[in-house]
1. Largest first, please: the extent of the C-alpha atoms of the chain along each principal axis, to the nearest Å.
2. Full extension from residue 11 to residue 51: what is 0.36 nm times the residue separation minus their Cα-Cα distance, to one decimal in nm?
3. Treat each spin label as a single point 7 Å out from the Cα along the C-beta direction, and report the residue 73 to residue 28 distance in nm.
4. As I understand it, the value is the acute angle between the Cα axis of helix 31-45 and the longest principal axis of the Cα atoms of the chain; what does it come to in degrees, rounded to 10?
């Protein structure tokens, strides 16, 4: 719960006020933050999708991406250099 509260206090309220000039849109995500987001996302949606899992993700040329899948294993063959 603390992570979600911190996000609202530190990023969302500032984004509402400043839009494009907020830290939310001007700072690049780090691998640790992406991992934290993924865990919270799965925790939140886990009450609806019990078998939701974190898939491959990463950062590439300023783009952050994160896959999720349902079940035991992803059906997508991710290149090994994209794995965290």
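Every number in this text was worked out from the coordinates using simple rules, so none of it is lab data. Since the structure is predicted, the reported quantities are computational estimates derived from the model, not experimental observations. FYI the Cβ positions are ideal-geometry reconstructions off the backbone, even for glycines, and counts take in every protein chain you see.
1. For the chain, the Cα extents along the three principal axes come out at 41, 33, 17 Å.
2. Difference between extended and current length: 11.4 nm.
3. The modelled label-to-label distance comes out at 3.4 nm.
4. 70
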